[in-house]
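Shown next, in structure tokens, is the structure this report addresses.
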């Protein structure tokens, strides 16, 4: 059974969930947020929308979630100094200490602010997935990191590890739950994983929409350039309000769970149509 009239590009029978009727809510600032968004106790970062997947077996929607949306009207005086860069092992030497600054920003967000129990050395956060398979998408201005995300193919292998969602499902990443997906983690060159998705607290409200848009567009372009049509990932804090603002949707492919005080959920995005 599959959603009628949609060309997903790879088998999606396992993604079929029951949607719930949801309506927009407003946070304490009066900003419209995705349903189910909650705040952390340590920051104004909003948790990924609680998409409330139901029982397996029914069609999730008539429109597959896509990042392809009309661009936001961003004033030129705001955006001209902000850049999106994708760094790989081969290209890191071209960008000075940008990768180091990005890893330092990850530590500030995930360890210092969200208090995740993950490794860090010399002020940088890293893990076993920061390998030559990784593509690091960095949004930056004058050397300051504004946001970022790590991408890697679901076909990656390094020792006993593959990619985060699959390894969690295989029980390799305690305390991450092994039942965080409603399907077998894909191993497909057309599906890439996004992890360590963040925007820093230094980004002001006036610039947030631009940084969010650039991050998603660069993520889609990077994955698409290597043949991906979809991106799957565990999306942590800070991404509920702007998903609605950018008119984005995500297909829930796993239950909600909480680790180190942050509630998250696995989601799937279509990215093939976002590269113009």
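The values are calculated or read from the model by the stated rules, or taken from the named source; none is laboratory data. Please read all numbers here as calculations on a predicted model, not as lab measurements. A quick note on method: Cβ atoms are made from the backbone with ideal geometry, for glycine too, and the neighbour counts reach across all protein chains shown.
On the basis of being within 16 Å of the chain's Cα centre (by Cα), assigned to a loop (DSSP other than H, G, I, E, B), under 27 Å from residue 133 (Cα atoms) and modelled with pLDDT of 90 or more, does residue 228 make the cut? Talk me through it step by step, then tell me what you get.
Working: within 16 Å of the chain's Cα centre (by Cα): yes; assigned to a loop (DSSP other than H, G, I, E, B): yes; under 27 Å from residue 133 (Cα atoms): yes; modelled with pLDDT of 90 or more: yes.
For residue 228, the condition - within 16 Å of the chain's Cα centre (by Cα), assigned to a loop (DSSP other than H, G, I, E, B), under 27 Å from residue 133 (Cα atoms) and modelled with pLDDT of 90 or more - is met.
Quick check on segment 167-190. Is at least one of its residues closer than 25 Å to residue 102 by Cβ, at pLDDT below 90 and not in a loop (DSSP other than H, G, I, E, B)?
The answer is no, given that none of the residues of segment 167-190 is closer than 25 Å to residue 102 by Cβ, at pLDDT below 90 and not in a loop (DSSP other than H, G, I, E, B).
Residues checked against (1) touching a helix residue (DSSP H, G or I) at 6+ places or on another chain (Cβ under 7 Å); (2) farther than 21 Å from residue 259 by Cα:
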{"position": "130", "(1), (2)": "no, no"}
{"position": "149", "(1), (2)": "yes, no"}
{"position": "163", "(1), (2)": "no, no"}
{"position": "183", "(1), (2)": "yes, no"}
{"position": "186", "(1), (2)": "no, yes"}
{"position": "189", "(1), (2)": "no, yes"}
{"position": "199", "(1), (2)": "yes, no"}
{"position": "204", "(1), (2)": "no, yes"}
{"position": "207", "(1), (2)": "yes, yes"}
